[in-house]
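Working notes, beginning with the structure itself.
Bear in mind that the values in this text are calculations on the coordinates, not laboratory data. Small disclaimer: the values here were computed from a predicted structure and weren't measured. Cβ: placed from backbone, ideal geometry, glycine included. Neighbour counts: every protein chain shown.
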Amino acid sequence: MGTPEINAFLSHLAVVNRVAASTRNQALSAILFLYKEVLGQEVGKLEGVVRAKKSLKLPVVFTVEEVQAVLVRLQGSALLMAGLLYGSGLRLMECVRLRVKDVDFHYRQLVVRDGKGQKDRVTMLPERVIEPFDQHLARVKAIHEQDLRDGMGAVYLPFAPDKKYPNAAKEWGWQYVFPASITSIDPRSGIRRRHHTDKTILQRLSSRRSGRAKLPNRAPVTRFATALQPIFSKAAMTFERCRNSSVTAM
């Protein structure tokens, strides 16, 4: 099978099977891997093969009123998580993986570790979530202390710092802000521990509450962070206008 056959196959995927661009690219990569790594043959130059480009789609962005309509229908940990997604601009997995040591009440900020692009960043901690956040951490600490009494309490640590600090996994600062309701066996180590909460819990709750709020846009909860961007843009424009007015007045 040469370039014409590969092109015909990819065109068949696009026209007949109507598969996505990412699937066509994956099929091409699989063919190249098959020939090079399995069959030990060089396909040669595929000059006529064009990789599919993903189509650009405009994201669905919640308005402030739509976000509030969902938030008022949430409670407990789900409300706090949604508040952080909207008020701090956290992505969903950044929120569920948040550690206690990365919450700074004094400076009103959160430290996001290993975020998008494997980069750390600092974001704000909204004033409105300070009190419920503090109460939530008190409940989480009680759960952690009970786990310690039960002979558990060791959380999963990234990049194996427990090799250097053996007791780090049981320290309060390394615990997840949003732990799971039950313990489970870690398949990597075989140790029973309490992992972070499942991201799908908030996703399902948010989807149901969006339906009850009768919102025209049934966007996922991950759009809460996107909804914060227009607010920042509007604030930046207001600041720029005020600065220009001050310069003109002088």
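Observations, loosely collected:
- Under 12 Å, Cβ to Cβ, from ILE31 - net charge with Lys/Arg +1 and Asp/Glu -1: 0
- Calculated FRET value between GLN203 and VAL64, using beta carbons and R₀ = 35 Å, to 0.05: 0.95
- Centre separation in Å (Cα based) which lies between segment 170-206 and segment 94-163: 12 Å
- Label positions at THR183 and ALA14, each projected 7 Å from the Cα along the C-beta direction, are separated by 5.4 nm.
- Computed FRET value (nearest 0.05) for GLU42 with ASP120, which takes r as the C-beta separation and R₀ as 45 Å: 0.60
- Per residue, the average separation of C-alpha pairs within less than 8 Å and at least 6 apart gives segment 64-227 a relative contact order of 30 percent.
- A crude spin-label estimate for the pair SER22 and ASP104, with each label 7 Å from Cα along the Cβ direction, gives 3.4 nm.
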